[in-house]
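In what follows, a structure is listed as structure tokens, so that the remarks can point back to it.
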Amino acid sequence: MLAVLGAAFGAAELDAGPRWLGWDWSAPVDQPAAVDPPPGLDLPALRPAAPVLTGGSTTTATVDADAVAAVVAPYLDRSDLGRRLTVAVAPLGVGEPAYAVGAPRVTPASTTKLLTAAAALAELGPDHTFATSVRAVPGTARIVLVGGGDPYLARAQPAADEPPAYPVRADLRTLATATAKALRDAGRDRARLDYDASLFVGDRFNPAWPASYGPDGVVAPISALWVDGGRPEQGTGRVDDPPRVAAEEFARALRRAGIRVGRVREGSAPAGGSELARVTSAPLHQIVERALEVSDNETTEVLAHHVALARGEEASFAGAATAVVDALAEVGVDAAGDTLRDGSGLSRENLIAPRTLLGVLAAAAERPDLRAVLTGLPVAGATGSLSLRFDTGDPAGLGAVRAKTGTLTGVHGLAGVTLDANGTPLAVVALADRVRAPGGIGSGGVEQVIARQRVDELLADLAACRCSG
């Protein structure tokens, strides 16, 4: 017993669960009391300041390419970063790199999400919302639950003793309560429930993903109707049929609200039926912030499908890829030579130029409607997918680096912004996409951990560098 208690105490003291076993982290937007400031971070006194990002040019600084080269050089020959390291640096707001080394295009992993986020904000607008509704079928007892592609639709609101979610979720229980009231107001206490998830078409699993991702529960089948991102109410992994699970959950909520509901079936929403109730998502800019902060694969795939719909393309994986590239072109980001197979970066067939990622960051700095691309970036040592990172290397990186992570087996990278030692905001892309992976796709191993640390250390060194003029 003493040994067990000692092990438990040690695990708690070392934060072993989140650090080594992949358990969830705390995020300051929804669990502020659980996040301590990272060690080694000295914060200046608060003072009034002008807005960091305004219209027009965001910076007049220049990058000292020789200074950047001196920082990057020691990493280029490191065997633990594999056979290829690609780095590009520019002043924030400038899409062309002032310094670049490595491949013209790389496997981007989850830095792909920056493209999807920017395209969604540009095409739909930061205040856009997604609705889940219930429609009545005239002359029948049928009602239809209609999926509107809300990526964060939940089963219910958090309990009173649970932390609130960010962004605030629409939920099926609230929708059921409103639907039950509408039915009772019409003199009805029973209904036959259908569900319609036809807003998206084509495959639910991207054929460009490894075949194991579905059976292993790495990602949910992408759908316009689901709850909790296609996750089961209990346990881990993903459900096999997210729309049906959502409809059955809604049926249970209706029964709890006093409506008798029979067997749930798949169906189509009537063209002329009246709407009984609806719930609406948080605004898109909040959804984008959360998706980037925690690298949410399912949400970014849903957003890519919405970009396809908005541009008149088929709401499929292929249509989404085409639409994202076209939407970026309209905000001045040329991704025409890149290869895009999905919106999340799970596909190893994606090939993206570093200058495309720099272009997205520049557009986000210049355009207020794209600002959530920057505000959603995780902060080194503090939030989201960077909350347990930057614990090696120069402490200048802590709090100064904000970057989207990109991680697959053998691929480790960051794309985002940092303040250098002069206080100049720089846009940085650093990707090692040929890291040794003895166990093959899906394996972990010390090689992956070390490569990830080296990329962190590279960006921390840039934060410590006087690399701007």
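The values are calculated or read from the model by the stated rules, or taken from the named source; none is laboratory data. Nothing here was measured: the structure is a model prediction, and the numbers come from that model. Reconstructed Cβ throughout: ideal geometry from the backbone, glycine too, with neighbour counts over all protein chains shown.
With respect to Arg355, determine if the residue is within 16 Å of Ala403 (Cα to Cα), assigned by TED's automatic domain parsing to the domain that holds Thr86 and either touching a Cys at 6+ places or on another chain (Cβ under 9 Å) or of a type in the set (D, E, K, R) (or both).
Values: within 16 Å of Ala403 (Cα to Cα): yes; assigned by TED's automatic domain parsing to the domain that holds Thr86: yes; either touching a Cys at 6+ places or on another chain (Cβ under 9 Å) or of a type in the set (D, E, K, R) (or both): yes.
Against the criterion (within 16 Å of Ala403 (Cα to Cα), assigned by TED's automatic domain parsing to the domain that holds Thr86 and either touching a Cys at 6+ places or on another chain (Cβ under 9 Å) or of a type in the set (D, E, K, R) (or both)), Arg355 qualifies.
What about Leu193, is it of a type in the set (A, V, I, L, M, F, W, C), in contact with a helix residue (DSSP H, G or I) (Cβ under 6 Å, 6 or more places away or on another chain) and either within 30 Å of Arg348 (Cα to Cα) or at pLDDT 95 or above (or both)? Spell out how you get there, then give the answer.
Numbers: of a type in the set (A, V, I, L, M, F, W, C): yes; in contact with a helix residue (DSSP H, G or I) (Cβ under 6 Å, 6 or more places away or on another chain): yes; either within 30 Å of Arg348 (Cα to Cα) or at pLDDT 95 or above (or both): yes.
Yes: the conditions hold for Leu193.
Inspect all residues belonging to region 231-245 and state whether any of them is among the β-branched types (Val, Ile, Thr) and in contact with a Lys or Arg (Cβ under 6 Å, 6 or more places away or on another chain).
Within region 231-245, none of the residues are among the β-branched types (Val, Ile, Thr) and in contact with a Lys or Arg (Cβ under 6 Å, 6 or more places away or on another chain).
May I ask you to list the residues in region 325-337 that are surrounded by 19 or more Cβ atoms within 10 Å (Cβ to Cβ) and within 25 Å of Thr407 (Cβ to Cβ)? So that I can check it myself, show each step before the final result.
In the first step, residues of region 325-337 are kept if they are surrounded by 19 or more Cβ atoms within 10 Å (Cβ to Cβ); the result is 325, 327-328, 331, 333, 335.
Within region 325-337, Val325, Leu328, Val333, Ala335 meet the criteria.
State yes or no: is Pro74 over 23 Å from Leu328 (Cβ atoms), without any contact (Cβ under 8 Å) to a residue 12 or more places away in the chain and more than 24 Å from the chain's Cα centre (by Cα)? It would help to see each step written out before you state the result.
Values: over 23 Å from Leu328 (Cβ atoms): yes; without any contact (Cβ under 8 Å) to a residue 12 or more places away in the chain: yes; more than 24 Å from the chain's Cα centre (by Cα): yes.
So Pro74 passes the test.
Somewhere in region 138-158, is a residue modelled with pLDDT of 95 or more, crowded, with 19+ Cβ neighbours inside 10 Å and in a helix (DSSP H, G or I)?
no
Among the residues of region 411-444, what is the count of those that are surrounded by fewer than 22 Cβ atoms within 10 Å (Cβ to Cβ) and assigned to a loop (DSSP other than H, G, I, E, B)?
14
Which of the residues belonging to region 270-282 are crowded, with 18+ Cβ neighbours inside 10 Å, at pLDDT 95 or above and touching a strand residue (DSSP E or B) at 6+ places or on another chain (Cβ under 9 Å)?
Matches in region 270-282: Leu276, Ala277, Val279, Ser281.
If you go through region 388-397 one residue at a time, do you hit one that is among the small types (Gly, Ala, Ser) and outside any helix (DSSP H, G or I)?
Pass one, region 388-397, residues among the small types (Gly, Ala, Ser): 393, 396-397.
From what's left, outside any helix (DSSP H, G or I): 393.
Yes; the residues of region 388-397 include at least one that is among the small types (Gly, Ala, Ser) and outside any helix (DSSP H, G or I).
Which one of these does Ala372 not meet: (1) modelled with pLDDT of 95 or more; (2) more than 21 Å from Ile287 (Cβ to Cβ)?
It is condition (2) that Ala372 fails.
Which condition number does Val288 fail, the rest of (1) in a helix (DSSP H, G or I); (2) at pLDDT below 95; (3) β-branched (Val, Ile, Thr) being met?
For Val288, the exception is condition (2).
Please count how many residues of region 311-324 are surrounded by fewer than 21 Cβ atoms within 10 Å (Cβ to Cβ) and touching a residue at least 60 places away in the same chain (Cβ under 8 Å). Lay out the reasoning, then the answer.
At the first step, the residues of region 311-324 found to be surrounded by fewer than 21 Cβ atoms within 10 Å (Cβ to Cβ) are 311-314, 316, 318, 322.
Pick out the ones that are also touching a residue at least 60 places away in the same chain (Cβ under 8 Å) and you get 311, 314, 316, 318.
Of the residues in region 311-324, 4 are surrounded by fewer than 21 Cβ atoms within 10 Å (Cβ to Cβ) and touching a residue at least 60 places away in the same chain (Cβ under 8 Å).
Just a yes or no: is a residue in region 156-179 among the hydroxyl-bearing types (Ser, Thr, Tyr), in contact with a strand residue (DSSP E or B) (Cβ under 6 Å, 6 or more places away or on another chain) and within 15 Å of Arg252 (Cβ to Cβ)? Write out each step before concluding.
Looking only at region 156-179, we keep the residues that are among the hydroxyl-bearing types (Ser, Thr, Tyr), and these are 166, 174, 177, 179.
Within this subset, residues satisfying the condition of being in contact with a strand residue (DSSP E or B) (Cβ under 6 Å, 6 or more places away or on another chain) are 174, 179.
Remaining after also requiring within 15 Å of Arg252 (Cβ to Cβ): 174, 179.
Yes - at least one qualifying residue is present in region 156-179.
Can you name the residue in region 159-215 that is under 25 Å from the mean Cα position of the chain (by Cα) and part of a helix (DSSP H, G or I) and, of all such residues, is surrounded by the most Cβ atoms within 10 Å (Cβ to Cβ)?
My answer is Leu172.
Can you pull out the residues in region 73-121 that are buried (at least 24 other Cβ atoms within 10 Å of the Cβ), assigned to a helix (DSSP H, G or I) and touching a Leu at 6+ places or on another chain (Cβ under 7 Å)?
Matches in region 73-121: Ala109, Thr111, Lys113, Leu114, Leu115, Thr116, Ala117, Ala118, Ala119, Ala120, Leu121.
Between a first residue in region 275-295 that is polar (S, T, N, Q) and a second residue that is surrounded by fewer than 23 Cβ atoms within 10 Å (Cβ to Cβ), which pairs have beta carbons less than 7 Å apart while being 6 or more apart in sequence or on different chains?
Thr280/Thr129; Thr280/Ala131; Thr280/Ala170; Ser281/Thr129; Ser281/Ala170; Gln286/Pro167; Ser295/Ser385
With the requirement that a residue be surrounded by fewer than 24 Cβ atoms within 10 Å (Cβ to Cβ), in contact with a strand residue (DSSP E or B) (Cβ under 7 Å, 6 or more places away or on another chain) and among the polar types (S, T, N, Q), what does region 381-410 give you?
Passing the criteria: only Ser385.
Output the qualifying pairs, or none if there are none: Cβ atoms under 6 angstrom, residues six or more apart or on different chains, first residue in region 371-382 and within 16 Å of Leu426 (Cα to Cα), second residue assigned to a helix (DSSP H, G or I) and aliphatic (A, V, I, L, M).
These pairs meet every condition: Val373/Ala117; Val373/Ala118; Val373/Ala364; Leu374/Ala364; Pro378/Leu386; Ala380/Leu386.
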